[in-house]
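> Structure incoming, see below.
The values are calculated or read from the model by the stated rules, or taken from the named source; none is laboratory data. Because the structure is a prediction, the values reported are computed rather than measured. Cβ sites come from the backbone with ideal geometry, for glycine too, and all protein chains shown count toward neighbours. Protein only, heavy atoms only, side chains kept; ligands, DNA and RNA dropped before computing areas. Shrake-Rupley method; radii C 1.70, N 1.55, O 1.52, S 1.80 Å.
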Amino acid sequence: VVAFVAFGKVSSPQFLIWLLAVVVLVPGRRGIVATGLLLAACALTRLWFPRTYWELVKEFDPTASWLVLGRDLVLVALFAVLVVRVRAREPEPG
């Protein structure tokens, strides 16, 4: 789900709600980091959506564009945190 939201062609702000169910299932320190990253992504989204959405679409508003880029980078970091957890459980070869 996180990969779909982070790397999908369209990243609707409503998709962040889908991530709530994923993040609350992550235990321990990684869960805390994942929650912080999700909250940061939500905060960055809220700074531009819905208030300046149309300025971003019609006029390519630079501030909103940077906020969207920041949100997307935070989502990629969230994906990385969750992938590291999955890879840590894989047995070592040999």
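> I'd like to check one number: the per residue accessible area of the chain, probe 1.4 Å, reported in Å² as a whole number.
That works out to 69 Å² per residue.
> Same structure again: Evaluate the charge dipole of the chain about its Cα centre and quote only its size in Debye, nearest 20, assuming +1 on the Cβ of each Lys and Arg and -1 on the Cβ of each Asp and Glu.
260 debye
> Once neighbouring chains are kept in place and the probe is 1.4 Å, which whole percent of the accessible area of the chain is contributed by carbon and sulfur?
69 percent
> Could you give the radius of gyration (one decimal) and Dmax (whole number) of the Cα atoms in segment 1-64, in Å?
13.4, 43
> Oh, and also: Suppose only helical runs count, i.e. DSSP H with n ≥ 4. What mean residue ellipticity at 222 nm does that imply for the chain under -39500 (n - 2.57) per run, divided by all residues and rounded to the nearest 500 deg cm²/dmol?
Estimated from H runs of four or more residues: -24500 deg cm²/dmol.
> May I ask which residue of F15, G70, L25 lies farthest towards the positive end of the charge dipole of segment 1-83, with charges of +1 (Lys, Arg) and -1 (Asp, Glu) on Cβ and the Cα centre as origin?
L25
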